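Below is one structure, written out as C-alpha cells; comments come after it.
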Amino acid sequence: QLQLVESGGGLVQAGDSLRLSCAASGRTPSMYGLGWFRQAPGKEREFVATISWNGGTIYYADFVKGRFTISRDNAKNTVSLQMNTLKPEDTAVYYCAALWQGDGRDYSTVYYSPNQYDYWGQGTQVTVSS
C-alpha cells in the first residue's frame, strides 16, 4: 500500500505560478513512476505530466509543455509540479498518481492512461482566475 498526499493548490490569477507537491509513504516508491493528472468540472480526468522511477524519462501533455515542470526527489519520496504562466483553463483538481514499473509494462505505452496507475492521492484544487 502506497499513500500519496498532494499539497500546494490554491487560488491564483492568470499568469501566476504554483508549485504542487506530492508526498509518498507506506512503502518504498523507488520503483514507481509518478504522475500528475487533472480533472475539471464536467470533464474527464486528463494526463498532465509524469516522471519515471529514476527520473530518466519525462512526458508532458502538449497543453502544458513550456509552462509546467515535473521533478522528483527519491530521497524525500516526493514529486513536484512547478506550474508557471497559469491559465484559467488550468483550473482543476490535480491528482498525484503512482505507476509500478517493476512488472514489465512499457512506460512509454502506459504513462498517459489513468487506468494504468496503481495509487492515487485525494487531489488538490487549483483555481486560476482571469
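Each reported figure results from applying straightforward, stated rules to the coordinates on display, with no laboratory input. Not measured: the values here are computed from a predicted model. Positions of Cβ are backbone-derived with ideal geometry, glycine not excepted, and every protein chain shown enters the neighbour counts.
At 222 nm, what value in deg cm²/dmol follows for the chain if DSSP H runs of at least 4 each add -39500 (n - 2.57) and the sum is divided by all its residues, to the nearest 500? Spell out each step's value before the answer.
On the way: 1 runs with 4 residues, N = 130.
Value at 222 nm, helices only: -500 deg cm²/dmol.
Considering Cα pairs under 8 angstrom that are at least six residues apart, work out the relative contact order of the chain and quote it in whole percent. Let's see the in-between values first.
On the way: 307 pairs, mean separation 45.9, N = 130.
Normalised by residue count, the contact order of the chain is 35 percent.
At a Förster distance of 25 Å, what's the computed FRET efficiency of Glu46 paired with Asp16, Cβ-Cβ distance as r, to 0.05? Intermediate results must be reported in sequence, preceding the final value.
Numbers: r = 21 Å, r/R0 = 0.85.
Calculated value: 0.70.
Which Cα, out of Gly56, Leu11, Thr91, lies furthest along the positive dipole direction of segment 10-105 (beta carbon charges, K/R +1, D/E -1)?
The Cα lying farthest towards the positive end belongs to Gly56.
Please report, in debye to the nearest 20, how large the charge dipole of the chain is about its Cα centre when each Lys and Arg carries +1 at its beta carbon and each Asp and Glu carries -1 there.
Numbers: 11 positive and 11 negative charges, 36 e Å.
The calculated dipole for the chain is roughly 180 debye.
In segment 1-73, which GluC sites (Glu not before Pro) are in a loop and have at most 10 other Cβ atoms within 10 Å, using DSSP for the loop call? Please report the intermediate quantities before stating the final value.
On the way: sites: Glu6, Glu44, Glu46; in loops: Glu44.
Hits after loop and neighbour filter: Glu44.
Calculate, in nm to one decimal, what Asp118 and Phe63 gain on full extension: separation in residues at 0.36 nm each, minus their alpha carbon distance. Intermediate results must be reported in sequence, preceding the final value.
Details: separation 55, 0.36 × 55 = 19.80 nm, distance 2.45 nm.
Extra length available between Asp118 and Phe63 comes to 17.3 nm.
For Gln125 and Ser30, what does the FRET efficiency come to when R0 = 35 Å and r is the distance between their Cβ atoms, rounded to the nearest 0.05?
On the way: r = 29 Å, r/R0 = 0.84.
Result of the calculation: an efficiency of 0.75.
Measure off 7 Å from each Cα along the Cα-to-Cβ vector at Asp106 and Ala75, then give the distance between these two points in nanometres to one decimal.
3.5 nm
Reachable lysines from Lys43, Cα under 30 Å, same-chain residues fewer than 8 places away excluded?
Lys65, Lys87
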